[in-house]
1. Pick from 48, 73: which is closer than 20 Å to residue 177 by Cα, surrounded by 12 or more Cβ atoms within 10 Å (Cβ to Cβ), touching a strand residue (DSSP E or B) at 6+ places or on another chain (Cβ under 7 Å) and not assigned by TED's automatic domain parsing to the domain that holds residue 156?
2. Output the residue which, of all residues in the stretch 20-38 that are out of contact with any helix residue (DSSP H, G or I) (no Cβ under 8 Å at 6 or more places or on another chain) and assigned to a loop (DSSP other than H, G, I, E, B), is surrounded by the most Cβ atoms within 10 Å (Cβ to Cβ).
3. For the stretch 92-101, name all the residues that are over 23 Å from residue 5 (Cβ atoms) and either surrounded by fewer than 15 Cβ atoms within 10 Å (Cβ to Cβ) or at pLDDT below 95 (or both).
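The values are calculated or read from the model by the stated rules, or taken from the named source; none is laboratory data. Predicted model, so just to flag it, every value in this text is computed and none were measured. Methodologically, a virtual Cβ is constructed for each residue, glycine included, from the backbone with ideal geometry; neighbour enumeration extends over all protein chains shown.
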């Protein structure tokens, strides 16, 4: 059995309320074991016998659509991948440490195309800066996220693919709690 972390889009936002106990049961009904959730924003940790993460994503997405009645984009990462994501430094440390600045990590299904990356980078502002690294987009927001002109929906449109975002603090806590074995 291998451990995985699932980052789910559309859980406990936009009127889609899912109790974490129910979400754990949904994962367990797929045959996954040692299912845990971390905060109520769609972070699920579990073990599965297969090593094909794309197959796992498709299985979870299909099951959640059937069980919840709406699409839930699913982004799977291994503990090793998550540790690397948490360690990655997309911006200079002084920028990240400046009061009022926040770093968000958007999980993507695949690396965005060169064209999508150019579109995203052309959209940067003095307040919002972006960096793509593999299947993640790092967003440095130099204001409150609610005051930014960007949102998950706008970023999805710019990149041409679904995304789900987490604050870097959440990602680092998960990486520390579930280190590579």
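1. 48
2. Only one residue fits best here, namely 32.
3. Selection gives 92, 93, 94, 95, 97, 98, 99, 100.
Rundown of residues vs (1) more than 18 Å from the chain's Cα centre (by Cα); (2) within 25 Å of residue 78 (Cβ to Cβ); (3) not assigned by TED's automatic domain parsing to the domain that holds residue 54; (4) not in a helix (DSSP H, G or I), yes/no style:
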site: 106; (1), (2), (3), (4): no, yes, yes, yes
site: 111; (1), (2), (3), (4): no, yes, yes, yes
site: 118; (1), (2), (3), (4): yes, no, yes, no
site: 130; (1), (2), (3), (4): no, yes, yes, yes
site: 137; (1), (2), (3), (4): no, yes, yes, yes
site: 146; (1), (2), (3), (4): yes, no, yes, no
site: 153; (1), (2), (3), (4): no, no, yes, no
site: 158; (1), (2), (3), (4): no, no, yes, no
site: 171; (1), (2), (3), (4): no, yes, yes, no
